[in-house]
Amino acid sequence: MFKLSPPVWLGERSIVLIVVAAVQLWKMSGYYMILFLAGLQDIPRIYYEAARIDGANKWHSFWKITLPLLSPTTFFVSTIAIIDSFKNFEIIYTMTQGGPSNATTTLVYSVYVNAFVFYRMGYASAVAYILLIVIGIITLFNFLLKKYWVNYQY
């Protein structure tokens, strides 16, 4: 009765970048979970015991103890995730090779294509330097903002 065709995940320009981002997130989620687990294990249990004695429930303990004390881990993970999002060459290369109609061409993939497909090494080097500067500025901005939300004191 109804003829619905399934989506072409890597063939539709409107959704292909979302699919590639989801694969990147899935690829790195285990690594980020291990980092957050290490951060959670670093929080002293005495804070939770004191909060429970003072009458705090689990929701208040999460918002007032866990999140503030996980802020250094969150800062590290967000910095690594931002840097890693710029260097997602292998996923683009294996899944889409920049297509459809250059919808998933990133700076890193552009460096590869210009250097090793078209042999324009100078142009590829310039794009790589621009990528370095962009990542540096974003990382510096993240480090400047950390004083407003990262708490290093127990």
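In whole Hz, what ³J(HN,Hα) sequence does the stretch 11-19 give by Karplus (6.51, -1.76, 1.60; θ = phi - 60°), x for Gly and Pro?
Per residue, the Karplus-derived 3J(HN,Hα) values read x, 9, 4, 6, 10, 5, 5, 5, 5 Hz.
Apply the Karplus curve 6.51 cos²θ - 1.76 cosθ + 1.60, θ = phi - 60°, to the phi angles in the stretch 59-75 and return the couplings in whole Hz, x for Gly and Pro.
Going residue by residue, I get 5, 5, 4, 5, 6, 9, 10, 5, 4, x, 7, 8, 4, x, 5, 4, 4 Hz, with x marking Gly and Pro.
Stretched out fully, how many nm does the piece from VAL134 to ALA51 gain, at 0.36 nm a residue minus the Cα gap?
25.6 nm
By the gyration tensor of its Cα atoms, with a ≥ b ≥ c the square roots of the eigenvalues, what is the shape of the chain: rounded for a/c under 1.5, prolate for a/b over b/c, or oblate? Don't skip to the end; give the middle numbers.
Values: a/c = 3.60, a/b = 1.70, b/c = 2.11.
Oblate.
If we sort 117-125, 13-21, 71-79 on the protection proxy, mean other Cβ atoms within 10 Å, highest first, what's the order?
Listed from highest to lowest mean packing, they are 71-79, 13-21, 117-125.
For the pair LEU145/SER5, report the inter-label distance in nm, with labels modelled 7 Å from Cα in the Cβ direction.
4.1
Once you've got the GNM for the chain with C-alpha springs shorter than 10 Å, pick whichever of GLN24, GLN41, GLN97 has the biggest mean-square fluctuation.
Most flexible of the set in this elastic network: GLN41.
Over what distance in Å are the Cα centres of the stretch 10-70 and the stretch 78-109 separated?
Taking the Cα centre of the stretch 78-109 as reference, the centre of the stretch 10-70 is 25 Å away.
Relative contact order for the chain: what is it in percent, counting Cα pairs under 8 Å that are at least 6 residues apart?
27
Could you pull out the pairs from LYS27/LYS87; LYS64/LYS147; LYS27/LYS147 whose alpha carbons sit more than 25 Å apart here?
LYS27/LYS147
Note down the nm distance, to one decimal, between modelled labels 7 Å out along Cα→Cβ at LEU35 and at ILE83.
Using points 7 Å along Cα→Cβ, the separation is 0.9 nm.
Report ³J(HN,Hα) in whole Hz for each residue of the stretch 21-35, in order, from the Karplus equation J = 6.51 cos²θ - 1.76 cosθ + 1.60 where θ = phi - 60°; Gly and Pro get x.
In residue order, the calculated couplings are 5, 5, 5, 4, 5, 5, 5, 9, 4, x, 4, 5, 5, 5, 5 Hz.
Any read-out appearing in this document is the output of simple, stated calculations on the displayed coordinates, not a laboratory observation. These numbers were taken from a predicted model, which means no experiment stands behind them. Quick reminder, even Gly has a Cβ in these numbers, built from the backbone with ideal geometry, and neighbours come from all protein chains shown.
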